[in-house]
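Asks: Here you go, one structure.
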Amino acid sequence: MTRVPTGTHKSVNVSSCDVARKHGNFTNFWSAVVAGLAVFTVSAPQLPYTAQARPAISAPRAVPSVIESWQAPTSSTTSGNTTLLGDAGPATELDVTFGLALQPSDLPDLVQSLSTPGSSSYRHYESVAWLARHTGATEATSTAVLDYLRSQGIVGHLDPTASYVEAAVSVAQAAKLFGTSFGRYYFNGAYGWDTYLSGVVVAPRSLPQLPSALKGLVKLVYGLQAFPAETVGPNSVLQEAATRSSLLGGSFGGLGTAGGCSAGRVVDHVPTFTPRQYLTAYGVEALRSEGLSGQGQAVAIISAEPATQSNLASFTRCFGLATPPIRDIRVGTGTTVALDDPDANWEIALDTEMVTAVAPRLSDIDVIYDPYGSVVDRLDATLNRSLIQGPMPKVVSYSGGSCEPLGNTAYSDVALQYALTEHILMDMAATGISFVASAGDTGSSCNQANAAVAGARLSVQFPASSPYTTSAGGELLGLNAANGIQGQRVWDDLPLGIGLAGGGGQSAVFSRPWYQQRLMTAGHGRLVPDVALEADIDYPIANYCTAGCNGYGWNRGGGTSAAAPLMAGGIALADQGASMHGQAPLGLVNPLLYQLGESGSKALVNITMGNNDIYGLGCCSAKPGYNEAAGWGSVDFSQFITAAVSAGGN
């Protein structure tokens, strides 16, 4: 989320704001992560290391097959950005994930057939139980792993897709299990999961070894380190910049006509975008007369923090909206406490409010949170009936991610999570779940901190870069008095002296998926984003957060953390429309989006002005048709729902 609090200064906080190949046996995809590793693939923190031979990131390829080993300092000295402080406490708990050996399957091909309009199996989804039986680990494999862990005094839990076992493991147990000791390190200056990590890290002091009893049963392990909690990077504080009035007005259009209470329409003397404006612009208001407000649908939001119903109620009261119930669902091993971090609370407040603005009569919003764990367990929870009480969510929104180069090179724990995340995302798509993720807030060079330390380079954000994700970029709307779209440009606040813009570019990890094969863009990687919605922070979106947010109240927000839940809410309306016609949910919407874009459908409105090249790297500029700065452009949800119903899916 990008937040501009009230006051005489602007303080910008950024907290965020696949298929390895197109066809074939999924065993090959999983093996890409562990190929060439004779004994054990294990994650390691970004401590000083000696890397094994590996190819440079010069072309898209599979999730890295070689994970670096590393050498931690053995005395209380400083090495690079890491200082050994001493031995880790034996009772310190680690949240460890054991990725299981999976059965041979054609899961990528299955997802393609289920999600591509015109396919004979389009939207004929499979159950989670079926996927676990046919694409997860065998019962013999999972039972053997669980039994072995139990013999070591460790209680493991098998996920619903039978892809991994998660367990709370003490440092003493991990040392015995993996044949290594653990140290406490002061760790400063590494960027991962869009998070500036600084603090005390618990990590192995030598490369762990997989127990012989688990060889052939477990293909990857991560979580053998305890990083500081997910936090936002340092603020960029600057004097209040003059608004770019030259961008609004004239032929481009202005802010349109606001609605709602006065406190929400103008924050700190700055006019905001309110639901009346962006809902009309994106064709949502036109759907209300058809009874489409999200009834009978549930949306899940992936978060670091729980949400607060009172924040949402204040937002909806101002704008005359219904208030769907929020269900906070804690996942992970439960060995840590919530962050109680104001910036994380702002993020989830923005997410719930944007979803609600579009779909105010949802049955509920499931906020799935874990402040210390990976995104894997939070995504996997959307498939877990034992955790979800009520309608299972068929749309999931995530305003977060990690920069690909970090996950693909030095930050190997993230690289391992890529492989498991991809399997979970494919399972979600195969069951009819749509997943939307923010494309990031720092243009075509993923994040500022990484650029400042290592030099700016073209990079995109995962999981937005996954072919199984609908990636939401950012735009600035220009509206007429009736709130119709008069102009659109790529979100780029660089003219304000703020290095923020909608994420976009080309993946260095994931190959171009089947639905992008007809695009003429050079290269071979998955292109990001797919669409772009309102995100500009100089002309901000009104949002509200008091509980957990230091009592700030009304705020000027934005970023692709607003765009992603707006898109998720729109897909929930489309699912409702499909249901009214006896059709299944939309699931992975990208193949439909690209068919609509290529046919010139009015459901997608091209953005042809601006760029997201905040570091002068030559990418990416808007142009007619698809582009890497704004995807296919914005969405007219009224037209989109008509097209989705026409595409079928009975």
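Asks: In the range 440-557, what percentage of the DSSP-assigned beta bridges are antiparallel, given to the nearest 5?
Replies: 75 percent
Asks: Related question: Separation of the range 576-650 and the range 479-536 by C-alpha centroid, Å?
Replies: 11 Å
Asks: Straight distance only, please: which aspartates and glutamates reach the Cα of Lys176 with their own Cα at less than 18 Å, same-chain residues fewer than 8 apart left out?
Replies: Here the aspartates and glutamates satisfying the reach criterion relative to Lys176 are Asp87, Glu93, Asp95, Asp147, Glu166.
Asks: Which percent of Cα-Cα pairs in the range 248-647 sits in each 10 Å bin, short to long?
Replies: 5, 25, 37, 26, 6, 0
Asks: Related question: Cβ under 14 Å from Ser170's Cβ, Ser170 left aside: what net charge do those residues give with Lys, Arg +1 and Asp, Glu -1?
Replies: -2
No lab work stands behind these numbers, since they all come straight from the coordinates. The structure presented is a predicted model; accordingly, all values stated were derived computationally and were not measured. Note that we place each Cβ from the backbone using ideal geometry, even for glycine, and neighbour counts take in every protein chain shown.
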